[in-house]
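The values are calculated or read from the model by the stated rules, or taken from the named source; none is laboratory data. Nothing here was measured: the structure is a model prediction, and the numbers come from that model. So basically every Cβ, Gly included, is an ideal-geometry build from the backbone, and we count neighbours across all protein chains shown.
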Amino acid sequence: MPSQGASGTSEGAGSASPLPPTGAAGPSGAAGSSGRSGPSGTEGGQGLTVGGSGAPGVRKPRPAAARTAPRTRSARLRVAKADPWSVMKVSFLFSIALGICTVVAVAVLWMVLDALGVFSTVGSTISDATGSGSQGGFDLQSFLSLPRVVMFTAVIAVIDVVLMTALATLGSFVYNLSAGFVGGVELTLAEDE
């Protein structure tokens, strides 16, 4: 029966030997607890924490100084054709506005000169220079009266409206012909910052 005792003692010794606990220090235990773990662990204690009780793995935004400044977009365009009808309408309205401004400016200028006494002084000088004996000289004040000056300015403004409209329309035709040969005027448009 000695063989049975030996085997019994060997079995008892095998059952009595303690197993190393999970995560115990050892060749493999040290690596399992404090070394580099898998996707759910940490790398050396300093990496991003993906799983567990740590914060979710979100990348921090770059500082404002490292961001690149926005670029201003620009486009290079070419005026290939000008519509004569639209040019005529715009030039007609522009010339009417210019004619009204001219009439108002002339009327205001006449009132200022009359208040300063320019017409009376210059009129008396011209009347004395052109008069002889009993005949009076040239009456500048009656010739340059306000209604006559405004009427003359209005006639000039109407002629200016007709000429400006016709010349602008003719200019659009000439531009279309020249753009067919040289390609037209090139414009560079930039986006407002």
Tally the residues that are surrounded by 14 or more Cβ atoms within 10 Å (Cβ to Cβ) and either under 30 Å from Leu170 (Cβ atoms) or modelled with pLDDT under 90 (or both), restricting the search to the stretch 99-112.
4
Restricting attention to the stretch 145-193, report how many residues are touching a strand residue (DSSP E or B) at 6+ places or on another chain (Cβ under 6 Å) and surrounded by 12 or more Cβ atoms within 10 Å (Cβ to Cβ).
2
Candidates Ser124, Ser142 - the one that is out of contact with any helix residue (DSSP H, G or I) (no Cβ under 8 Å at 6 or more places or on another chain), surrounded by 12 or more Cβ atoms within 10 Å (Cβ to Cβ) and farther than 30 Å from Thr188 by Cα
Ser124
Pairs where the first residue, in the stretch 156-169, is more than 13 Å from Cys101 (Cβ to Cβ) and the second is aliphatic (A, V, I, L, M) and crowded, with 17+ Cβ neighbours inside 10 Å, C-beta under 7 Å, 6+ apart:
Ala168/Val87; Thr169/Val87
